[in-house]
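Participant: Please read through the structure below; I'll follow up with questions.
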Amino acid sequence: MTELLPCFEVEPATPPDGTVLWLHGLGASGHDFEDVVPLLRRPATRFVFPHAPQRAVTVNMGLIMPAWYDIRDLGGRAEDARGIADSARRIEALVERERERGVPPGRLVLAGFSQGGAMALHVGHRYPGRLLGILALSAYELLPATHAAEAAAANATTPVLLCHGTRDPVVPLTAGRAARDAFASPGRDVRWREYPMEHQMCLPEIDSIREWLAERFASLASADAG
């Protein structure tokens, strides 16, 4: 049994209409995006922000810090497949916990920033149950050579929103665009937004996320009414 990661959570006052499971970036914590929650105006939605495991990160002189996987070089030539798989299992365990708490995968958005966004894309693409959506901010694709072989049919058409800064010095814009292209396929709503910013978030980006989340959850309301 996979041990559950500790999480910071924002719980609605009423039974949740769904969950946004949001993964932070390298060296941060689950509290990194808690200030964004009020700006998204989703008072009926549960937000779950896990804290990544502590790992040694090669490019940061081997220092131990919150990380979803090791980064061995800045060119992505030696990816930490074992660390990625370990975190994927931990994230999937949190998705399953939401199911046990009454929120099935079809009512869950998997989101993340930078390293967390890369994990959101990786897990969302491979998860065997259909998700409500995948949100990747300032992110990139992990293990692209396994993209086709490990794809889950359940999420072949799951909507994806990718946002990126045009002046990002950490994750190049080209890496974000490559992820966009990798996930674009017939029948899938893949949206791409660029903003004049660095490796960060901005208010226009938050506006786009809020509108996209509203659209995703509205699709549930329409399905329930039907």
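Participant: Of the residues that make up segment 179-194, is at least one surrounded by 15 or more Cβ atoms within 10 Å (Cβ to Cβ), touching a Leu at 6+ places or on another chain (Cβ under 7 Å), in contact (Cβ under 8 Å) with a residue 40 or more places away in the chain and closer than 18 Å to V36 by Cα?
Facilitator: no
Participant: If you don't mind, there's one more thing I want to ask. What are the residue pairs meeting all of these: first residue in segment 1-15, first residue farther than 20 Å from V36 by Cβ, second residue surrounded by 10 or more Cβ atoms within 10 Å (Cβ to Cβ) and among the basic types (K, R), Cβ atoms under 9 Å, and 6 or more apart or on different chains?
Facilitator: Taking only residues 6 or more apart or on different chains, the pairs are T2/R89; T2/R90; E3/R90; L4/R90; L4/R97.
Participant: As an exercise: evaluate V57 against (1) within 25 Å of R130 (Cβ to Cβ); (2) aliphatic (A, V, I, L, M); (3) touching an Asp or Glu at 6+ places or on another chain (Cβ under 8 Å) and give the number of the one condition it does not meet.
Facilitator: If we test V57 against (1) within 25 Å of R130 (Cβ to Cβ); (2) aliphatic (A, V, I, L, M); (3) touching an Asp or Glu at 6+ places or on another chain (Cβ under 8 Å), just (1) comes out false.
Participant: Kindly list the number of the only condition in (1) outside any strand (DSSP E or B); (2) under 21 Å from E198 (Cβ atoms); (3) modelled with pLDDT of 95 or more that fails for A85.
Facilitator: (2)
Participant: Another question, if that's okay. Look at L26 and say whether it is in contact (Cβ under 8 Å) with a residue 24 or more places away in the chain, assigned to a loop (DSSP other than H, G, I, E, B) and among the hydrophobic types (A, V, I, L, M, F, W, C).
Facilitator: Yes.
Participant: Could I ask something else about it? Just to check your reading of the model, which residue among V36, V109, V59 is surrounded by 20 or more Cβ atoms within 10 Å (Cβ to Cβ) and aliphatic (A, V, I, L, M)? Outline the logic, then answer.
Facilitator: Values: V36 fails: surrounded by 20 or more Cβ atoms within 10 Å (Cβ to Cβ); V59 fails: surrounded by 20 or more Cβ atoms within 10 Å (Cβ to Cβ).
From the options V36, V109, V59, the qualifying one is V109.
Participant: Residue by residue through segment 39-54, note down the ones that are surrounded by 15 or more Cβ atoms within 10 Å (Cβ to Cβ) and assigned to a strand (DSSP E or B). Let's see the steps before the verdict.
Facilitator: Residues of segment 39-54 that are surrounded by 15 or more Cβ atoms within 10 Å (Cβ to Cβ), as a first pass: 40, 42, 45-53.
Matches in segment 39-54: R46, F47, V48, F49, P50.
Participant: Another question, then. Filter segment 119-160 down to the residues that are surrounded by fewer than 16 Cβ atoms within 10 Å (Cβ to Cβ), touching a Gly at 6+ places or on another chain (Cβ under 6 Å) and outside any helix (DSSP H, G or I) and list them by number.
Facilitator: Hit for segment 119-160 is T157, nothing else.
Participant: Take segment 62-78 and flag every residue that is surrounded by fewer than 18 Cβ atoms within 10 Å (Cβ to Cβ) and acidic (D, E). Even if it seems obvious, please write down each step before you answer.
Facilitator: Here is the first cut: in segment 62-78, the residues surrounded by fewer than 18 Cβ atoms within 10 Å (Cβ to Cβ) are 62-65, 72-78.
The one that is surrounded by fewer than 18 Cβ atoms within 10 Å (Cβ to Cβ) and acidic (D, E): D73.
Participant: Another one. For segment 102-118, which positions are in contact with a strand residue (DSSP E or B) (Cβ under 6 Å, 6 or more places away or on another chain) and either assigned to a helix (DSSP H, G or I) or over 13 Å from V48 (Cα atoms) (or both)? Don't jump to the end; show me each part of the working.
Facilitator: Going residue by residue through segment 102-118, those that are in contact with a strand residue (DSSP E or B) (Cβ under 6 Å, 6 or more places away or on another chain) are 103, 108-113, 116-117.
Passing the criteria: F113, G116, G117.
The values are calculated or read from the model by the stated rules, or taken from the named source; none is laboratory data. The model shown is predicted, which means the values in this text are computed figures rather than measured ones. Using ideal geometry, Cβ is built from the backbone for each residue, glycine included, and neighbour counts are taken over all protein chains shown.
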